[in-house]
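Asker: Quick one: the structure is below, questions incoming.
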Amino acid sequence: MSTQAGVAVRVLATRVVDAVMHRGRSLKAELAACLPRIDDARDRALLEAICFAVLRSRARSEAALEQWMSRPLGPRDNELRALLHVGFAQVVILGLPPHAALSATVEAVRALGRPHQDKVVNALLRRAQREGLPAVSADALWPEWLRRQIRADWPEQAEAIFEASQHEAPLWLRVNRSHGGRDEYRQRLADAGIEADLVEGMADALVLREPLAATALPGFAQGDVSVQDGAAQRVADLAGTLPAGARVLDMCAAPGGKSAHLLERDPSLRLVALDVDARRLQRVRETLDRVGASAHLQAADATDTTAWWDGQPFDVVLLDAPCSATGIVRRQPDVLLHRRADDLVALTRLQARLLDAAWRVLRPGGCLVYTTCSILRAENALQLEAFRARHAAALVEPLDETWGHADGGGRQRLPGECDMDGFFYAILRKA
């Protein structure tokens, strides 16, 4: 990497972190806007690594700034604060070569138009290099209201949840069985010098030992493989063995991974992929096109069945509901910056409306698959109990312990268990 490129990456990282930490922007959206502007794949990987490391370690970096600075930084210094987080993450968390990291970060101060602050940045980064960052409790990243809720919902597992959420998640792959088997694809990876592990009980899954950009995977552009966490991959198993041509609704389909997985397993399915956001539905189309699958895509508010439903009932309805995303903090650490207690009230109301709508369009004898990437009982077990109280014909199909902790008729996988994200699963049969 040239010196100029190294400085440019630190400048971009600072701007992304500033937008996420101080202006409420989404990390995913900010990276999506920045990454295409970087030509070198190694520079793109470095930018992503720095931003994720910053958000996972921000409580320790904040503790360092509080202890080491004679005066607290004010809102006018948010960009400087972001740049210091970027520097700390490189030196302490990522363990990058100190000279290059310090030099490029100090140069980035000047490139950002703050040459008068280069000495303080240099001094603070050198102190971090010597001493490391202060230790903080594993729950320090979590907002107080959410910390209390997790301790109330999962008193015995709370500390493990907080600890697991600080660490990088492994890279899970989903092999497209309509393009070839998992073992065959694993050999293709081995031939390319990429080591991957099999996962017992998961016919399409591989886990990479080292992270890798999706576009660097053999056959990714041709749809031979996709990136999808193991917990999300298991959703396709909940639908069971369906008759050829079964009618399936993916109610909140974007970005399309679960629809694609179902169709990779059985291309004969008559699948309707629904989403309220037409732009997000375009991502579903791109996902399906890449893996060679087809479905009927429809942009509509799923809760308003009169606006989109043709009256033909579905054999299976998959509702992977909008939720707090508290089970995927390892992959989306900015969730902890943006989530508010009020969000939970709005989300649980929406989930209830979506469940009732799903029930209306499901045929008698059909099954409703309800999942979230949340670990909060209000969105999962308690939501399920309230739904069953409203619908006497809803029969819970039991799931075994391989799906996680039994809770309210469903099963809860907690973050990091079996190297997976946090996920809730339930199957309801319409009697």
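Asker: Given the conditions (1) surrounded by fewer than 20 Cβ atoms within 10 Å (Cβ to Cβ); (2) in contact with a Gly (Cβ under 8 Å, 6 or more places away or on another chain), and given that residue 342 satisfies all but one, which numbered condition is not satisfied?
Answerer: Failed condition: (2).
Asker: Just give me the residues in the range 162-192 being assigned to a helix (DSSP H, G or I) and in contact with a helix residue (DSSP H, G or I) (Cβ under 6 Å, 6 or more places away or on another chain), in sequence order.
Answerer: 177, 178
Asker: If you check residue 325 against the conditions, is it small (Gly, Ala, Ser), touching a strand residue (DSSP E or B) at 6+ places or on another chain (Cβ under 8 Å) and either in the same structural domain as residue 266 (by TED's automatic domain parsing) or closer than 30 Å to residue 147 by Cβ (or both)?
Answerer: no
Asker: Let me ask another. When the range 215-256 is examined, which residues are found to be in a helix (DSSP H, G or I), under 24 Å from residue 356 (Cα atoms) and touching a residue at least 12 places away in the same chain (Cβ under 8 Å)?
Answerer: 232, 235, 236, 238, listed by residue number.
Asker: Among the helices (runs of 4 or more DSSP H) contained in the range 332-431, which hold 2 or more residues that are in contact with a Phe, Trp or Tyr (Cβ under 9 Å, 6 or more places away or on another chain), within 21 Å of residue 252 (Cβ to Cβ) and at pLDDT 95 or above?
Answerer: 341-360, 381-390
Asker: For the range 220-247, enumerate the residues that are touching a strand residue (DSSP E or B) at 6+ places or on another chain (Cβ under 6 Å) and within 13 Å of residue 192 (Cβ to Cβ).
Answerer: Within the range 220-247, just 225 meets the criteria.
Asker: Residues of the range 263-297 being surrounded by 18 or more Cβ atoms within 10 Å (Cβ to Cβ), assigned to a strand (DSSP E or B) and of a type outside the set (Asp, Glu), which ones?
Answerer: Hits for the range 263-297 are 271, 272, 273, 274, 297.
Asker: While we're here: Can you tell me which residue is surrounded by the fewest Cβ atoms within 10 Å (Cβ to Cβ) among those in the range 68-96 that are part of a helix (DSSP H, G or I) and among the charged types (D, E, K, R)?
Answerer: Pass one, the range 68-96, residues part of a helix (DSSP H, G or I): 68, 75-93.
Applying the additional criterion that residues be among the charged types (D, E, K, R) yields 76-77, 79, 81.
On the way: 76: 7, 77: 16, 79: 19, 81: 23.
Per the criteria, the residue is 76.
Asker: Evaluate the range 132-139: report whether one residue or more is assigned to a helix (DSSP H, G or I) and either outside the structural domain of residue 380 (by TED's automatic domain parsing) or in contact with a Lys or Arg (Cβ under 8 Å, 6 or more places away or on another chain) (or both).
Answerer: Checking the range 132-139: not a single residue is assigned to a helix (DSSP H, G or I) and either outside the structural domain of residue 380 (by TED's automatic domain parsing) or in contact with a Lys or Arg (Cβ under 8 Å, 6 or more places away or on another chain) (or both).
The values are calculated or read from the model by the stated rules, or taken from the named source; none is laboratory data. Since the model is a prediction, treat every value here as computed from it, not as a measurement. Positions of Cβ are generated from backbone atoms using ideal geometry, with glycine treated the same way; all protein chains shown enter the neighbour counts.
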